[in-house]
Amino acid sequence: MEKVIRTIVRINEELCNGCGLCVTPCAEGAIELVNGKARVIREELCDGAGFCLAICPTGALSIETRETVPFDAVAAHRREEEQGVRYIQQSCFRCGAGEQKAVLIPVRTQGHSRWVCTHCLPRLIHG
């Protein structure tokens, strides 16, 4: 199979606590829990966007640039369809607004991975 240099998610197994919070943000279905640890199960499914990074409570996920197989958008879309809706409703940890009414962004604050709405984000940043 052809190899390319591109960004891809790296999971540090020693830091991973197996919570699974990174699985849902991965729309392509590249991350699954295997034997109690998060794993990129097929590298061609990982687009390297990194939406999973900010929600990891232990900092086990990072983005690296390295040689791997090309991203396969067709395979990722097929995997999304196979898995169906994988949705956990989130809300802002400050005001409680859900994502149906607000744009939510994953943040790390005070040692925790949380979601904050764009309305509360400036107050979180500036106090």
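Structure values in brief
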read-out	value
Residue that is surrounded by the fewest Cβ atoms within 10 Å (Cβ to Cβ), among those in the range 95-115 that are farther than 26 Å from residue 45 by Cα and at pLDDT below 95	110
Subset of the range 41-71 that is in a strand (DSSP E or B) and either in the same structural domain as residue 111 (by TED's automatic domain parsing) or not β-branched (Val, Ile, Thr) (or both) - its residue that is farthest from the chain's Cα centre (by Cα)	67
Residue match in the range 72-85 (condition: at pLDDT 90 or above and in a loop (DSSP other than H, G, I, E, B))	yes
Members of the range 22-40 found to be closer than 13 Å to residue 51 by Cβ and assigned to a loop (DSSP other than H, G, I, E, B), listed by number	22, 23, 24, 25, 26, 27, 28, 29, 30
Cross-chain or 6+ apart pairs with Cβ under 6 Å, the range 61-75 first and within 13 Å of residue 29 (Cα to Cα), then modelled with pLDDT under 95	71/47
Residue satisfying condition, being surrounded by 15 or more Cβ atoms within 10 Å (Cβ to Cβ), under 14 Å from residue 113 (Cβ atoms) and touching a His at 6+ places or on another chain (Cβ under 7 Å), within set 25, 57	57
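The values are calculated or read from the model by the stated rules, or taken from the named source; none is laboratory data. These numbers were taken from a predicted model, which means no experiment stands behind them. Methodologically, a virtual Cβ is constructed for each residue, glycine included, from the backbone with ideal geometry; neighbour enumeration extends over all protein chains shown.
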